[in-house]
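Asks: Pasting a structure here, questions to come.
The values are calculated or read from the model by the stated rules, or taken from the named source; none is laboratory data. This one's a predicted model, so the numbers in the text were calculated from it and none came from an experiment. Cβ placement follows ideal geometry from the backbone for every residue including glycine, while neighbour counts extend to all protein chains displayed. What goes into the accessible areas is simple: the full protein's heavy atoms, side chains included, and nothing from ligands, DNA or RNA. Shrake-Rupley method; radii C 1.70, N 1.55, O 1.52, S 1.80 Å.
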Amino acid sequence: MSDRTSAGGARSGADEGAPEAAARLARSMLAGIDSVTDRLVDDIIEENPEYYDSERVAESDLRDSCRANLQRVLQLFGRRVPPGVDPYDAARRTGRLRAEQRVALDLVLRSFRLGGRVVWSSALDAAREEHEFDPDTLLELGTSIWNVVDAVSLAVSDSYRAAELEMLRVDEQRRQVLVDGLLRGTGGDSEFVEPALRALGLPTAGPYLVIAADISSSVADVPAPESTLEQHGTGSVWQAQADTLVGLVAVGDRPVEEVPGLLRSVVHAGMGVSPTVDRGDAVPHARELAVLALRSLPRGSTETAWLDGRLPQALLARSPELADRLVERTLAPVLSLPEAERRLLLETLETWLSADCSAKRTAARLYCHRNTVLNRLSRVETLLCRPVTGVQETVWLSLALHALELRKR
């Protein structure tokens, strides 16, 4: 009698098939239900103390549960379940309640096995008193008891697991509300921050980092950095926001520069990293900066962008309309060239600027003659109607090239 159909039906096979002698003994035991309950409570306290000793299950709660389940078990194989009543209602209530009390399922089922033993022992006493102590009756009695206990235990397990899944969903929803409140600043006043950090298992004081990772191209599951960082003794919480995975990381005593590297086993895309902050209420602004640092990278990049190391690019990323205007006002004549010439001149200009406007270093990096570099730069100056030297001009050109790179996002 351990199949799920029997546990979910209005009547179990154990109930319908209980022989008359066994049913008669069960009805006799119902009259002494309080005595049977006392025996079961004593056995649980002695042999399964963790079931209630954690202060989750008080003795009064234990007694009420034992009585209700014993009564229903005796009614089941005594053929006395009231019409219209779920024969497993007490078991289902116990399973749900113990799940809500966070009592381990194996402890719950052990107590139900102890209950089966007590019912069997009490039934033997009743058999002696009523002179039903013959082998056939005992066999029928044992079969009926353990069939019912098996079905009741299955109902307990099903109810427990259903409640556990429901609580996990609720816990995860609550967790995401807390994470969202910390990252976005939607948690209300400052009294939200410290309790939220504690509830999420994070320290209530920094330093913290916020990291934003690009997941726009993820074809599999979103990375789960939390467990990876936890293996290194670093606490964090994460949330997927559109195409971005955002995490709040409690740096602790670890050098802050090491944190992004710990994530590279699970995050293979670009990452933006905020400056460190010391207070939880500064996290929303740090989130904005981390996302901005990520946006300063070209799409598809696998680099780590520390905001403080990419401030010019971040300024452009914050104002994409101005960045586009800068490109058009500065580089439009070169951009209108055929692709091969355009790519050659832009590469030469970019290398020239990164080589501190040295024709010799530029030629070495491009594997060409110095005069070739100068001829290409002359062509750029003619097209743009502006020099490629001088502080103001090189700043202008550098920003325009950065803005052009951001167009790839």
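Asks: If M271 meets every condition in (1) out of contact with any Asp or Glu (no Cβ under 8 Å at 6 or more places or on another chain); (2) open to solvent by less than 20 Å² (accessible area, probe 1.4 Å) apart from one, which number is that one?
Replies: Single failed check for M271: (1).
Asks: I've got another one for you. Here are E50, E55, E59, E46: which of them is over 19 Å from R27 (Cα atoms) and at pLDDT 85 or above?
Replies: E46
Asks: For segment 181-192, state whether one or more residues are among the charged types (D, E, K, R), at pLDDT below 80, open to solvent by less than 50 Å² (accessible area, probe 1.4 Å) and not in a helix (DSSP H, G or I).
Replies: No: segment 181-192 contains no residue that is among the charged types (D, E, K, R), at pLDDT below 80, open to solvent by less than 50 Å² (accessible area, probe 1.4 Å) and not in a helix (DSSP H, G or I).
Asks: What do you reckon, is L349 surrounded by 15 or more Cβ atoms within 10 Å (Cβ to Cβ), closer than 18 Å to L399 by Cα, in contact (Cβ under 8 Å) with a residue 12 or more places away in the chain and of a type in the set (A, V, I, L, M)?
Replies: It is true that L349 is surrounded by 15 or more Cβ atoms within 10 Å (Cβ to Cβ), closer than 18 Å to L399 by Cα, in contact (Cβ under 8 Å) with a residue 12 or more places away in the chain and of a type in the set (A, V, I, L, M).
Asks: Checking D214 against (1) touching a Pro at 6+ places or on another chain (Cβ under 6 Å); (2) modelled with pLDDT of 85 or more: exactly one of these is not met. Which one?
Replies: With (1) touching a Pro at 6+ places or on another chain (Cβ under 6 Å); (2) modelled with pLDDT of 85 or more applied to D214, the lone miss is (1).
Asks: Next question, about the same structure. Looking at the structure I just gave you, is L229 in contact (Cβ under 8 Å) with a residue 24 or more places away in the chain and under 22 Å from A314 (Cα atoms)?
Replies: no
Asks: Here's another thing I want to ask about it. Can you list residue pairs whose Cβ atoms sit under 6 Å apart, with the first residue in segment 275-291 being farther than 17 Å from P260 by Cα and the second being of a type in the set (V, I, T)? Count only pairs 6 or more apart in sequence or on different chains.
Replies: Listed by first residue and then by second, the contacts come to G280/V193; D281/V193.
Asks: Out of the residues in segment 118-163 meeting the condition of being open to solvent by 80 Å² or more (accessible area, probe 1.4 Å) and of a type in the set (D, E, K, R), tell me which one is modelled with the highest pLDDT.
Replies: Restricting to residues being open to solvent by 80 Å² or more (accessible area, probe 1.4 Å) and of a type in the set (D, E, K, R), the top hit is R161.
Asks: Okay, moving on. Please find, among R198, R254, the residue that is farther than 23 Å from R295 by Cβ, touching a Ser or Thr at 6+ places or on another chain (Cβ under 7 Å) and part of a loop (DSSP other than H, G, I, E, B).
Replies: Selected residue: R254, the only one of R198, R254 that is farther than 23 Å from R295 by Cβ, touching a Ser or Thr at 6+ places or on another chain (Cβ under 7 Å) and part of a loop (DSSP other than H, G, I, E, B).
Asks: Do we find a residue being open to solvent by 50 Å² or more (accessible area, probe 1.4 Å), in contact (Cβ under 8 Å) with a residue 12 or more places away in the chain and closer than 25 Å to R299 by Cβ anywhere in segment 232-245?
Replies: So far as segment 232-245 goes, yes, one or more of its residues are open to solvent by 50 Å² or more (accessible area, probe 1.4 Å), in contact (Cβ under 8 Å) with a residue 12 or more places away in the chain and closer than 25 Å to R299 by Cβ.
Asks: Moving on to the next point. Within segment 77-98, is even one residue open to solvent by less than 60 Å² (accessible area, probe 1.4 Å), within 14 Å of A26 (Cα to Cα) and in a helix (DSSP H, G or I)?
Replies: There is at least one residue in segment 77-98 that is open to solvent by less than 60 Å² (accessible area, probe 1.4 Å), within 14 Å of A26 (Cα to Cα) and in a helix (DSSP H, G or I).
Asks: List pairs: first in segment 355-378 and closer than 17 Å to S398 by Cα and touching a residue at least 12 places away in the same chain (Cβ under 8 Å), second part of a loop (DSSP other than H, G, I, E, B) and of a type outside the set (G, A, S), Cβ under 6 Å, 6+ apart or cross-chain?
Replies: Pairs that qualify, where the first residue is closer than 17 Å to S398 by Cα and touching a residue at least 12 places away in the same chain (Cβ under 8 Å) and the partner is part of a loop (DSSP other than H, G, I, E, B) and of a type outside the set (G, A, S), are C357/T389; L377/V388.
Asks: Six or more apart or on different chains, Cβ atoms under 6 Å: show the pairs whose first residue is in segment 176-188 and under 13 Å from S236 (Cα atoms) and whose second is part of a helix (DSSP H, G or I) and at pLDDT 85 or above.
Replies: Note: pairs meeting the criteria are L182/V283; L183/R287.
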